[in-house]
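All remarks here apply to the structure that follows.
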Amino acid sequence: MTERAVLRRLMEKMRADPGTLEAVVEAARTESPPVAALPVQEVRRHIAALLAVVSAAFIDESGLNEDDARVADRLATDRALQGIPLAALLDGFQAARSYILKRLLNEARSAGVSLDGLIEELMELDAYANGLQNRLIHAFRETELSLAHSAHAARVQALRDLLAGGPVSGAADAGLDVRRRYHCLVTDIGDPREARRVEAALGLPDGVSGLVDGRLCAVTTRPPAEAAILVVAGPAVPPGELAEVYRLCRTALASARRRGLDGLWELTALAVPMALDAHAKLGELLARERLPGLEAEDEFHRLLAETALAYLEHGGRVDRTAAALHVHPNTVKHRLHRLAALTSFGEPLPPAETLAGALRWHWALRTWLGDRPAQRRGDRG
C-alpha cells in the first residue's frame with residue numbers, strides 16, 4: 001500500500017469518527033479563549049465544514065475549488081460579525097490544523113509508514129490549510145472594513161465594551177440613555193444569519209442588539225412577552241449595572257440549557273438552578289449522604305426519587321403531585337412511604353429547618369437523578 005493510500009485510509013477513518021470532530025473542536029477552543037466563549041455548536045459547525053472540504057480535496061484528489069474556499073470566507077465573516085479578533089480566529093484555526101496533522105502523523109507511524117514517506121502528502125495537506133488560512137485573513141479584513149463604515153456595527157461594538165465592564169460613558173455610544181433602565185437579554189444563537197432572523201422575531205422596541213461573545217444579546221427597555229428559543233432576560237437596571245447582569249445571564253443560560261429549558265426565562269427565576277450548579281460537588285455529597293439505600297440502575301428506585309422530587313416541587317401537596325404525575329393520590333403516598341423505608345425522607349424537622357430541609361432534599365434528589373426533570377409515569381408501584 002502506498003503512503004498516499006495509507007494516509008487516505010486514515011483520513012477516511014477520521015472523517016467517519018465523530019470523536020475526531022469533537023477533539024478538533026476542543027483543540028481550537030482550548031487554544032483560543034475568544035473562540036471558547038462562543039456557543040460550542042457554532043465552533044463545531046465551522047470546523048466540520050472545514051474538515052469536510054480538506055478531506056474531500058485530498059481523498060478525492062480534486063484539490064480546493066472556489067466553493068470550498070467559500071467555507072473559509074463564511075467562517076471569517078461570521079467571526080468578524082461576532083467580534084472575535086483575527087488573531088484569536090487564527091489561533092483556533094492553527095490549533096485545529098496542528099491537531100489533525102499530528103494525529104495523522106502518529107497514526108501513520110503506528111501503521112508502519114515512515115515520516116520520510118509521508119513528506120509529500122503532508123505538504124499537500126498543509127498547502128490546502130495554507131490556502132484556507134489566506135482566504136480567512138482576506139475575508140476577515142474585508143468584513144472588518146465594511147463594518148468600520150456601519151453605524152450599527154459601531155453601536156454593537158460599544159455594547160460589547162459596556163457588557164465587558166467598560167466605562168458607563170460608553171453607553172451613549174451604544175445608543176443607550178444613562179438615565180433609563182434596561183433589560184439584558186442573552187440567547188444561545190451564534191450564527192449571524194440566524195441571529196438576524198431571531199432579532200426580527202423578538203420585535204424589540206428600542207435599545208441595541210447584536211452578537212456579544214458570539215451570542216445574540218440585546219439591551220432593551222421592554223423585553224418580549226415570549227420567545228420561540230431559549231432567552232434569559234435580566235431585570236431592568238441602569239447601564240452601569242448591565243455588565244454584571246449580563247454575566248449572570250450567561251451563567252443562567254448555561255443552567256437553563258443543561259436542563260433542556262426553552263422559551264423566555266427571567267434571570268431571577270433561574271436563581272436556584274444557578275446556585276446549585278455553582279456547587280455541584282456539594283450536591284453529590286448530599287445525594288451520597290441522604291440516598292445511600294437507592295440504586296441508580298433500579299428503575300423503581302428512580303421512580304420513587306422522581307415522585308419525591310415532584311412532591312417537593314408541588315409544595316408537599318399529594319393531590320397536586322398526583323395530578324402532575326397522572327397517578328392516583330394513593331399511589332403517591334405509597335411511593336413516598338416506600339422511599340421513607342429506604343431513606344430518611346419525610347422525617348419531621350424543627351419548624352425553622354423546614355424550608356432548608358426541603359431544599360437539601362430537592363438538591364440531593366436532583367443530583368442523584370442526573371438533574372433530569374421527573375418523567376410522567378402511570379400507576380406503577
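The values are calculated or read from the model by the stated rules, or taken from the named source; none is laboratory data. Values in this document were obtained by computation on a predicted structure and should not be read as measured data. When we count neighbours, we look across all protein chains shown, and the Cβ atoms used for this are built from the backbone with ideal geometry, even at glycine. SASA here: full protein model, heavy atoms, side chains in, ligands and nucleic acids out. Shrake-Rupley method; radii C 1.70, N 1.55, O 1.52, S 1.80 Å.
From the helices alone, meaning DSSP H stretches of at least four residues, give me the mean residue ellipticity at 222 nm for the chain, per-run term -39500 (n - 2.57), in deg cm²/dmol to the nearest 500.
The helix-only estimate for the chain comes to -20500 deg cm²/dmol at 222 nm.
Quick one: of the DSSP bridges fully inside the chain, what percent are antiparallel, nearest 5?
80 percent
For the chain, with every protein chain kept in place, what is the accessible area per residue (1.4 Å probe, Å²)?
Spelled out: the 1.4 Å probe surface of the chain, per residue, equals 50 Å².
Can you classify the range 121-214 as rounded, prolate or oblate using the Cα gyration tensor, where a ≥ b ≥ c are the square roots of its eigenvalues, rounded means a/c under 1.5, and otherwise it's prolate if a/b beats b/c and oblate if not?
Prolate is the answer for the range 121-214, as a/c is 1.5 or above and a/b outweighs b/c.
Select from the range 1-81 those GluC sites (Glu not before Pro) which occupy a DSSP coil region and have at most 16 other Cβ atoms within 10 Å, ordered by residue number.
Hits after loop and neighbour filter: Glu61.
How large is ³J(HN,Hα), in whole Hz, for each residue of the range 256-263 in order, when computed from phi with the Karplus curve 6.51 cos²θ - 1.76 cosθ + 1.60 and θ = phi - 60°, using x for Gly and Pro?
So the Karplus estimates, Gly and Pro as x, are 5, 5, 4, 9, x, 6, 8, x Hz.
What is the distance in Å between the Cα centroid of the range 56-106 and that of the range 317-347?
55 Å
Mean-square fluctuation check for the chain, GNM, Cα pairs under 10 Å: which of Ala171, Ala69, Ala151 is largest?
Judging by the Gaussian network model, the answer is Ala151.
Could you give the length gained by full extension between Arg222 and Leu147, i.e. 0.36 nm per residue of separation minus their alpha carbon distance, to one decimal place?
24.2 nm
At a 1.4 Å probe radius, which order do Asp173, Asp213 fall into by accessible area, largest first?
The ranking, largest first, comes out as Asp173, Asp213.
Set the Förster radius R0 to 25 Å, insert the Cβ-Cβ distance between Arg179 and Ala201 as r into 1/(1 + (r/R0)^6), and round the FRET efficiency to 0.05.
0.30
Mind checking which of Arg290, Arg181, Arg196 has the largest fluctuation in a GNM of the chain, springs on alpha carbons under 10 Å?
In this elastic network of the chain, the residue with the biggest mean-square fluctuation among Arg290, Arg181, Arg196 is Arg290.
Please give the helix 40-59 orientation as an angle from the longest Cα principal axis of the chain, in degrees from 0 to 90, rounded to the nearest 10.
40 degrees
Give the angle, between 0 and 90 degrees and rounded to the nearest 10, that separates the Cα long axis of helix 18-31 from the longest principal axis of the Cα atoms of the chain.
Roughly 80 degrees, rounded to the nearest 10.
Round to the nearest 10 and give me the degree value, 0 to 90, for the angle of helix 66-81's Cα axis relative to the longest principal axis of the chain.
Orientation of helix 66-81: about 50 degrees from the principal axis.
Can you give the extra length, in nm with one decimal, that the chain gains between Arg9 and Arg317 once fully stretched, where that is 0.36 nm per residue apart less the Cα-Cα distance?
104.7 nm
Under 30 Å Cα-Cα from Lys102, which lysines qualify once same-chain neighbours fewer than 8 residues away are excluded?
Straight-distance partners of Lys102: Lys13.
Out of (i) 54; (ii) 33; (iii) 38, which label holds the value of percent of Cα pairs over 31 Å apart that was computed here?
Working out percent of Cα pairs over 31 Å apart from the coordinates points to (i).
Could you work out the relative contact order of the range 1-98? I mean the mean sequence separation of Cα pairs under 8 Å and 6+ apart, divided by the number of residues, in percent.
38 percent
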